[in-house]
1. Please enumerate the residues belonging to region 103-119 that are over 15 Å from the mean Cα position of the chain (by Cα) and either free of Cβ contacts under 8 Å to residues at least 60 places away in the same chain or within 16 Å of ligand 2 (Cβ to nearest atom) (or both).
2. Just one of the numbered conditions (1) modelled with pLDDT of 95 or more; (2) away from ligand 1 (no atom under 16 Å from the Cβ) is not true of residue 8; which one?
3. Would you pick out the residues in region 77-89 that are surrounded by 13 or more Cβ atoms within 10 Å (Cβ to Cβ) and out of contact with any strand residue (DSSP E or B) (no Cβ under 6 Å at 6 or more places or on another chain)?
4. Name the single residue, out of those in region 120-166 being in contact (Cβ under 8 Å) with a residue 40 or more places away in the chain and over 22 Å from residue 63 (Cα atoms), that is farthest from ligand 2 (Cβ to nearest atom).
5. Among the numbered criteria (1) crowded, with 21+ Cβ neighbours inside 10 Å; (2) assigned to a helix (DSSP H, G or I), which one does residue 129 miss?
6. What are the residues in region 200-213 that are outside any loop (DSSP other than H, G, I, E, B) and touching a strand residue (DSSP E or B) at 6+ places or on another chain (Cβ under 8 Å), if any?
7. Could you check, for region 73-82, whether at least one of its residues is under 19 Å from the mean Cα position of the chain (by Cα) and in a loop (DSSP other than H, G, I, E, B)?
8. Quick one: in region 235-252, of everything that is part of a helix (DSSP H, G or I) and touching a strand residue (DSSP E or B) at 6+ places or on another chain (Cβ under 6 Å), which residue is surrounded by the most Cβ atoms within 10 Å (Cβ to Cβ)?
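The values are calculated or read from the model by the stated rules, or taken from the named source; none is laboratory data. Owing to the predicted nature of the structure, the values given are computational and were not obtained by experimental measurement. Using ideal geometry, Cβ is built from the backbone for each residue, glycine included, and neighbour counts are taken over all protein chains shown.
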Ligand code: G3P
Ligand code: CA
C-alpha cells in the first residue's frame, strides 16, 4: 500500500475502531478507546470539537443531548460543565459516570497504553481552534501517532499550515469527480470515502494508489462489505466492530 502504516504488513485491511469500539462501549470515551485498542485496532477514530472556553473535547454530535444527561451545544458549554456530564449511562447502566474526555486525556491514555489516533476535526474550525488541537497533540508528544481527517477542507488546510508533520485524510460522503486532483491539492495521505459511494466506482482505489494516496472507507460493519472493500484494494476500514473485523482479517 502507498502508506504502510495504514495497513499492517501482511494484513488484508487496517482496522480502525469508529468512535472507539462503539458497538461494545459508549462512543468517544476512554473505555471505548480501550476496548478498541484491546481488539487490535490499528487506529482509534474519535471526533474533536472545542468547548466554549476553547478546550478540545471528544464528542461526535454538535450537542451533548444524545450521549449525556445534559443539554446544549458543546460550543456553548465550558470545559468544567462538560467534565461534569455522564457520557456512559445512555449506552448501558454499567458505564455510568464515563466522562466526555478531553483530547489531551485521550492522547495521554494512548501514549501510556499504546495505540494510534485517527482524529476527525468535526465541523468547521477556525485556524485558532485548529492551532489549539495541534498544540495539544504536540504537548502530549503524540504527533507521530495521530492521523487527522475531516470533511472540512479548511480544517485540513489549517492543519497542513500549522503542522505539516501530521498526515491528512479527506472525508467524503460522495466521490469527487477527480479524487486524485483534490488529494494532490490538499496534500492528502488518504482519501476517506463513504464505502457505498466507493463501491459504486471501485476504480478510484487504483487511481489513488497510483498517486501514492491510501484509501480508508467508512463505516462498515458487515463481513460481506469488508470482503467487497478488501477485493478492490481498500487500505483500512473504519468500523463500529473492530474485534470482529480483526478476527475476520486473521481468518483470511
Ligand atoms: O470516520 C468516518 C466517520 O466517522 C465519519 O462519519 O458521522 O461517524 O463522524 P461520522
Ligand atoms: Ca467521525
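1. Selection gives 104, 108, 111, 112.
2. It is condition (1) that residue 8 fails.
3. 77, 78, 79, 81, 83, 84, 85, 86, 87, 88, 89
4. Top of the filtered list is 136.
5. Failed condition: (1).
6. 204, 205, 208, 209
7. no
8. Across region 235-252, the extreme among qualifying residues is 242.
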